[in-house]
Amino acid sequence: MDGSLTPVEPRRAATVMLLRDTAAGPVVHMLRRKASMAFAGGAYAYPGGGVDPRDGDHLVGWAGPSRDDWAARLATDPRTAQAIVCGAVRETFEEAGVLLAGETADTVVGDTTGDDWEADRAALVARELSFAEFLDRRGLRLRSDLLGAWARWITPEFEPRRYDTWFFVAALPEGQRTRNASTEADRTVWIRPADAADGYDKGELLMMPPTISTLRSLEPYGSAADALTAATAQDLTPVLAQASLENGELVLSWPGHDEFTKHVRPGGTP
């Protein structure tokens, strides 16, 4: 914690596991956070970040399940649900250059690498432009049907930086391509979930518990479409770490995820 008795209020965040199909099965787009980052420095993660409260303040061009439908799925109110879904789509564009939006309810924009797109992306990153303004300016609708809600993890109460993060899954739209557009990452990769998990198990790839957990959960699916279909049945019960004292040791555990349990001896040694 931050030295007080009250945990830091977690900031809402959204992240997207962007998939594309290959002959060897689906691969997921990941970025490596710069080692200098205050949170999860050096760790592999997905495109994502904090939810901009403005994303829930105004109606945006929208296609797919309604805001009420998303509110029911995310266990929140329609305004907050819109902000979370907008956050997922906006952050994917900001950090990977991929935009899940189109001029109609059944189309998606093509290549987004031109100078005009880059100018808008930079304005979004700087918060000089809201996502609603961006969509309206370009006559676009957010394609919420291209997203599937997958998991929800909340940073432990004893951490000084806390996030309430919704994980989504999506397929790379035809005609678009990813790039490292993030100032927070020094590397990006497309990698099979099983290979990434193997790298974690061997100590070659650093990941936070939510990342490796969601990677493992993607392994059974043979295509991006299969994963999107499976998203409707994923459990969105928040995963929140717990701390307890057992036989003089501090035990950190994540309910339902035993592999992350840690026993810390007096003095802070694991």
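The values are calculated or read from the model by the stated rules, or taken from the named source; none is laboratory data. Quick caveat, the model's predicted, so the values are computed rather than measured. We place every Cβ from the backbone using ideal geometry, glycine too, and count neighbours over all the protein chains shown. Each accessible area value is taken on the protein alone, full model and side chains, heavy atoms only, with ligands, DNA and RNA left out. Shrake-Rupley method; radii C 1.70, N 1.55, O 1.52, S 1.80 Å.
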Criterion violated by Asp111 - all others in (1) at positive phi; (2) open to solvent by 50 Å² or more (accessible area, probe 1.4 Å); (3) at pLDDT below 95 satisfied: (1)
Among (1) surrounded by fewer than 19 Cβ atoms within 10 Å (Cβ to Cβ); (2) charged (D, E, K, R); (3) touching an Asp or Glu at 6+ places or on another chain (Cβ under 9 Å); (4) touching a residue at least 60 places away in the same chain (Cβ under 8 Å), the one test that Arg179 misses: (3)
Sort out which residues of segment 142-173 are closer than 18 Å to Gly102 by Cβ and buried (at least 19 other Cβ atoms within 10 Å of the Cβ), and write them in order of number. Leu142, Arg143, Ser144, Leu146, Leu147, Gly148, Phe168, Ala170, Ala171, Leu172, Pro173
Assuming Arg192 fulfils every condition listed in (1) in contact with a strand residue (DSSP E or B) (Cβ under 6 Å, 6 or more places away or on another chain); (2) open to solvent by less than 80 Å² (accessible area, probe 1.4 Å) apart from one, which condition is it? (2)
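Taking the condition of being open to solvent by 80 Å² or more (accessible area, probe 1.4 Å) and either touching a Ser or Thr at 6+ places or on another chain (Cβ under 7 Å) or free of Cβ contacts under 8 Å to residues at least 24 places away in the same chain (or both), how many residues in segment 230-258 meet it?
Total satisfying the criteria: 6.
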Cβ pairs under 7 Å, 6+ apart or interchain, first in segment 202-214 and more than 25 Å from Thr237 (Cα to Cα), second hydrophobic (A, V, I, L, M, F, W, C) and not in a loop (DSSP other than H, G, I, E, B), ordered by first then second residue, are Leu205/Ala196
Does Leu129 fit the bill of being open to solvent by less than 50 Å² (accessible area, probe 1.4 Å) and either part of a strand (DSSP E or B) or closer than 23 Å to Arg20 by Cβ (or both)? no
